[in-house]
Each structure stands twice: as structure tokens, then as C-alpha cells.
1. Within the group VAL125, VAL170, which residue is open to solvent by 20 Å² or more (accessible area, probe 1.4 Å), more than 18 Å from LEU112 (Cβ to Cβ) and of a type in the set (A, V, I, L, M, F, W, C)?
2. Within the stretch 133-147, does at least one residue satisfy the condition of being over 27 Å from ASP14 (Cβ atoms) and open to solvent by 20 Å² or more (accessible area, probe 1.4 Å)?
3. Kindly evaluate GLY78 against the criterion of being surrounded by fewer than 21 Cβ atoms within 10 Å (Cβ to Cβ) and outside any loop (DSSP other than H, G, I, E, B).
4. So GLY384 ticks every box in (1) surrounded by 19 or more Cβ atoms within 10 Å (Cβ to Cβ); (2) at pLDDT below 95 but one. Which box is left unticked?
5. Considering only residues that are at pLDDT below 95 and surrounded by 24 or more Cβ atoms within 10 Å (Cβ to Cβ), which ones fall in the stretch 43-52?
6. Would you be able to tell me the number of residues in the stretch 331-356 that are modelled with pLDDT under 95 and part of a strand (DSSP E or B)?
7. Only one of VAL239, VAL286, VAL277 is in contact (Cβ under 8 Å) with a residue 12 or more places away in the chain, open to solvent by 40 Å² or more (accessible area, probe 1.4 Å) and under 20 Å from ASP42 (Cα atoms); which?
8. Working carefully through the options PRO204, PRO247, find the one that is in contact with a strand residue (DSSP E or B) (Cβ under 8 Å, 6 or more places away or on another chain), open to solvent by 70 Å² or more (accessible area, probe 1.4 Å) and touching a residue at least 40 places away in the same chain (Cβ under 8 Å).
Amino acid sequence: MSDDTGQHTRDVRDGFRKIYGTAPEGAWAAPGRVNLIGEHTDYNDGFVMPLALPHTVHAAAARRDDGVLRLHSADVPGPAHRLRLDELRPGADGGWAAYPAGVGWALREAGLPVGGADVHLTSTVPTGAGLSSSAALEVVTGLALSELYGLELSRQELARLCQRAENDFVGMPCGIMDQTASACCTEGHVLHLDTREQTRRQIPFDLAAEGLRLLVVDTRVKHTLADGAYAERRRACEVGAAALGVPALRDIPHRELGAALARLPDPGVRACVRHVVTENRRVEEVVALLEQGDPRAVGPVLTAGHASLRDDFRVSCEELDLVVDTALAAGALGARMTGGGFGGSAIVLAEDSRSGAVGQAVTGAFEAAGHAVPHLFEAVPSAGARRM
């Protein structure tokens, strides 16, 4: 456990005592994630490659015997939310508390014997940055409740229940990637996940040993995916799959893409289908390159992924494009937006010797364009959810 992680654990335990007046039964952590490649493929039964970040949501919790769930965040002003588990209903506007409350609802809907709890939370995952702060919040709550009540859930079961909380309780039609990454990633690896088969491969990802860095650039442009744009892209994918007679776009082989596109009259649907099929192919390319020991060759694949997200899936924005264009001009090996889009973050693969200059170029470009100064940090593959 790093010094920072140990301090966060002490802080969340101390915060619990101050809020609830007693000691917690335990403390847990779940990380945010950044997705190396494989964007908007998870809800199309496709392939993704996330890695966990060192940024985490910490929770301290204790059981209650009255069926009440109390939720408090050190990062949101105000008193603890007080909810009765047997009165939770999907769609209620609970703000940030809807995510952990939805996990309690999903556990009970699955017939699991979850009672009340006091929960205190604190987070270092940037919100609205496309780094899955909501999934980390769900997973840490689910892990805490699971262990408090002896549910013995597998990590994949935990991820599925947290996804159901976000889909059915919060109303955000996300795929399974974010929750699986937060629950299942391992330190020093990137996770190759088949979202249909739920098979997972941990692929070693030690860029430092190769003289490389993966930078995350948080543009500080906030996005709200539940406002409909994300759902519109998902519907276009579903329309395309139905028109092509397949269960999901995952079932369109890359070699048959041209013939498939010729059968789609709607240009918007056609573009979304093209992105998903080519993005699945890019995931396969990155897996092969990493297994061959050639991480530098991943750079152009990332850049191609950004062009597809920008031009076909239409989920980029001015600030994300500025990161990519500036980083490449400054000598980066590759760059792309990451996450759902419409703001959030981009990733940049660069030689260690060039990473400082690349970061300075991006910051300077944002200042020259009149944008808020972005937040840059290195993506270090970190551990998934765990008890602290």
C-alpha cells in the first residue's frame, strides 16, 4: 500500500467516525479507469482494453439493523442521505447518491440478503473526466456491502450488479466495461475484456520499462452522457445490428464491413457501424502488438481510433481534438480521446524523453485558445477494487 493510499484509508475511516460517531467495520477502495482502446464497443458485445488508475473512491462502512442506508461524501457539501432500502425505486433523482443507492437496490433485486449500512465516501477520481468515477463509486459500495453481509460475490458478478444499478436505477445505458475495469483490473496490466463472453486476459503493460509514458489529459470539459447523446449512439448501433440481421455489431467480421455498410441506407447508422467494427479490429491489433513486445506501434492505432470517434461516431469535441493534434505535432507516438466523449479526457502515448515537451505543448495550446488549463497526469496501471 502506497503512502497516499494509506493516508486515504485513514482519512475515510476518520471521516466515518466524525459523521456517524462510531468506528467503521472496514474500508474499501475501487479505482477509476482509462480505456487504452475499444470505445463504444462494450454495449455492442465487443472488445475493450481498460486499465485501472491509481485514482480511487474510498469507502468506510458499517452495518445497520434497521434497513436504512445512509450515504455521505466528503466531496459533496451537505449531510448524509438517509434512504430506506425497501423504498428505493429506479428513476428517483438522488444526484450523486443515486449511484451507491442503486447498488443497494440491485443487490436486493437479485435476491441477496443486504440490510442497512452507514457509508462514508471520499474520492480522488476526477468527475466528468471520462475516467469512470461513477463506476468506481458503484463498485466500492458493492464490494463494501458484499463483504459486510458475507455475499461472496465474484468480481464479475459484482461488476454486473453495478452495471444494472447504473442501467436500471440511474438510467444510464452504459455497457459493462467500466464496472469490470474497476472490479477486475490488476496492477501492471491492461485488461483485455470480451464483453459478450465475459472472458478476461490480463496483459502486461509496463511502459516505463520501454521508455514510454501514457499521459491522461483531462480537458476539464464536463460531459453528461445521460442527457441523450450517448443513448442516441447506442440506438444507432442497435438499429444497424437489426438491419444487418445480427444480435450485435460484434458479429460483423471486419472483412465483411464493406458489404455490410452497403446494406445500410442511413448515413448516421452506417457511420456508427463502421466505427464499432473497425474499433474491434483496433483492439485486436493492440493486443497483438503488446504480445509481440512492440508498444510503440500502438501509437498509430490510438490515433486511428480517435479519427473514427471524431468522424464516424461523432463524440469528440474541440478540446479533445486540440489535445490530439497538438500532441502529435509535438512528437507523440499516438493520441486519442478516451471515455464516452463530448468532453472528458484524452490519452497520449509518448517517449519518456518527449513527454514533458508534449505536455507543455498541450497546455500552451489550451492557453492560446482561451480554454481552461487541462490537468495532465501519467496513467499507471493499478489494482482493482480491494479491501484496505
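1. When all the criteria are applied, what remains is VAL170.
2. First, pick out the residues of the stretch 133-147 that are over 27 Å from ASP14 (Cβ atoms): none.
The answer is no; no qualifying residue exists.
3. Values: surrounded by fewer than 21 Cβ atoms within 10 Å (Cβ to Cβ): yes; outside any loop (DSSP other than H, G, I, E, B): no.
Considered against the rule, which asks whether it is surrounded by fewer than 21 Cβ atoms within 10 Å (Cβ to Cβ) and outside any loop (DSSP other than H, G, I, E, B), GLY78 comes out as no.
4. Failed condition: (2).
5. Correct list: empty.
6. Taking the stretch 331-356 and keeping what is modelled with pLDDT under 95, we get 338-345.
Then keep just the ones that are part of a strand (DSSP E or B); that gives 338, 345.
Number satisfying all stated conditions: 2.
7. Sole residue among the options that is in contact (Cβ under 8 Å) with a residue 12 or more places away in the chain, open to solvent by 40 Å² or more (accessible area, probe 1.4 Å) and under 20 Å from ASP42 (Cα atoms): VAL239.
8. Details: PRO247 fails: in contact with a strand residue (DSSP E or B) (Cβ under 8 Å, 6 or more places away or on another chain).
Among PRO204, PRO247, only PRO204 is in contact with a strand residue (DSSP E or B) (Cβ under 8 Å, 6 or more places away or on another chain), open to solvent by 70 Å² or more (accessible area, probe 1.4 Å) and touching a residue at least 40 places away in the same chain (Cβ under 8 Å).
The values are calculated or read from the model by the stated rules, or taken from the named source; none is laboratory data. Quantities reported herein were computed from a predicted structural model and do not represent experimental measurements. Backbone-built Cβ (ideal geometry, glycine too); neighbour counts: all protein chains shown. Remember, those area values only see protein heavy atoms, side chains included, never the ligands or the DNA or RNA. Shrake-Rupley method; radii C 1.70, N 1.55, O 1.52, S 1.80 Å.
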